[in-house]
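Below is one structure, written out as structure tokens; comments come after it.
The values are calculated or read from the model by the stated rules, or taken from the named source; none is laboratory data. The structure presented is a predicted model; accordingly, all values stated were derived computationally and were not measured. Here Cβ is always computed from backbone atoms with ideal geometry, including for glycine, and neighbour counts include all displayed protein chains. Ligands, DNA and RNA are stripped out before the accessible areas are found, and what is left, the full protein with its side chains, is counted by its heavy atoms. Shrake-Rupley method; radii C 1.70, N 1.55, O 1.52, S 1.80 Å.
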Amino acid sequence: MSKKVILVTGASSGMGYEACKSLASQGHKVYGGARRVEKMESLKADGVTPLKLDVTDDASCKEAIDTIMKNEGRIDVLINNAGYGSYGAIEDITIDEAKRQFEVNLFGLARLTKAVLPHMRMQHSGTIINTSSMGGRLVSFLGGWYHATKYAVEAFSDALRMETKQFGIHVALIEPGGIKTNWGHIAADHLAESAKGGAYEEVALKAAEGMHKQYSGNMMSDPKVVVKAMSKAVTARKPKPRYLIGFGAKPLVFMHAILPTRAFDFIMMHAS
């Protein structure tokens, strides 16, 4: 297996942190990017190089890629993993918050992709791995703005895959289902906070309570399943366009495809 130069975003916690550790243990040269560099200090012991990176800032994205190119002379893999889930009724979430979620989940991913593409084209090789979600293929109750960003990531990645094929660049989507990280608790807290005093408060608080229970239980998949999928995409000669993995992902996407829309709506509204 050839060793790759890899940048992982959202590396200060969760799946990004674990991906950095795992890929570095395989002998790859791994850079971990996040705003909070201090939270990546422990990754140095695993051979990971922390980089201060704000995906919402053009200059920060360019500086991160320039640093890697200066140090390594190439970049083989970009794993766009930074993102977050801000749940809440469409009516309750402010447009500013909706824009912020798109800024991080979609435009941040696009910034780094645009920064890295000229180097990958020069190399006539490279792999871009975008962390989406099963939520880019179906919509859960009270998660409209989050799902809108993930549906956008899916469309963006499909377009990018076709555009870059001629340059020897591969594009893969990681589509996790329920993964046992703090993501679900953060999303549930956003949901409860957004609904206070509003028309959706009762159903939102019930849904948030259900999310907390789900993510505190033993049903969710270990983050290792996501890391394993990322590793497969990194090392594959031709990565799959999609890696649908984790708790509930395949059955829910299948149900979404075959059930009448109203039937699937009913299931999602009563899932918690």
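Some notes on this structure:
- Test result for A229, under 22 Å from S2 (Cα atoms) and either over 23 Å from the mean Cα position of the chain (by Cα) or surrounded by 15 or more Cβ atoms within 10 Å (Cβ to Cβ) (or both): yes
- Scanning segment 142-184 for residues that are open to solvent by less than 60 Å² (accessible area, probe 1.4 Å), among the polar types (S, T, N, Q) and in a helix (DSSP H, G or I), we see that the one that is nearest to A82 (Cα to Cα) is T149.
- Each residue in segment 89-120 was checked for being touching a strand residue (DSSP E or B) at 6+ places or on another chain (Cβ under 7 Å) and either acidic (D, E) or open to solvent by 20 Å² or more (accessible area, probe 1.4 Å) (or both), and 0 of them qualify.
- Residue within segment 261-272 that is of a type in the set (D, E, K, R) and loosely packed, with under 13 Cβ neighbours inside 10 Å present: yes
- Filtered residue count, segment 187-215, keeping only those that are buried (at least 20 other Cβ atoms within 10 Å of the Cβ) and touching a His at 6+ places or on another chain (Cβ under 7 Å): 2
- Applying the criterion of at least 2 residues that are charged (D, E, K, R) and in contact with a helix residue (DSSP H, G or I) (Cβ under 7 Å, 6 or more places away or on another chain) to the helices (runs of 4 or more DSSP H) found wholly in segment 47-141 leaves 58-72, 108-123.
- Of the listed requirements (1) open to solvent by 80 Å² or more (accessible area, probe 1.4 Å); (2) within 18 Å of the chain's Cα centre (by Cα), N218 misses just one: (2).
- The residue that is nearest to G126 (Cα to Cα), among those in segment 3-28 that are open to solvent by 20 Å² or more (accessible area, probe 1.4 Å) and touching an Asp or Glu at 6+ places or on another chain (Cβ under 6 Å), is K4.
- Matching option when the condition is among the small types (G, A, S), over 19 Å from A110 (Cβ atoms) and assigned to a loop (DSSP other than H, G, I, E, B), among S2, S22, S42: S2
- Considering segment 50-80, and only residues there that are under 16 Å from the mean Cα position of the chain (by Cα) and either open to solvent by 20 Å² or more (accessible area, probe 1.4 Å) or charged (D, E, K, R) (or both), the residue that is farthest from G14 (Cα to Cα) turns out to be T56.
- If only residues of segment 1-11 that are of a type in the set (G, A, S) and modelled with pLDDT of 95 or more are counted, the one that is farthest from S132 (Cα to Cα) is A11.
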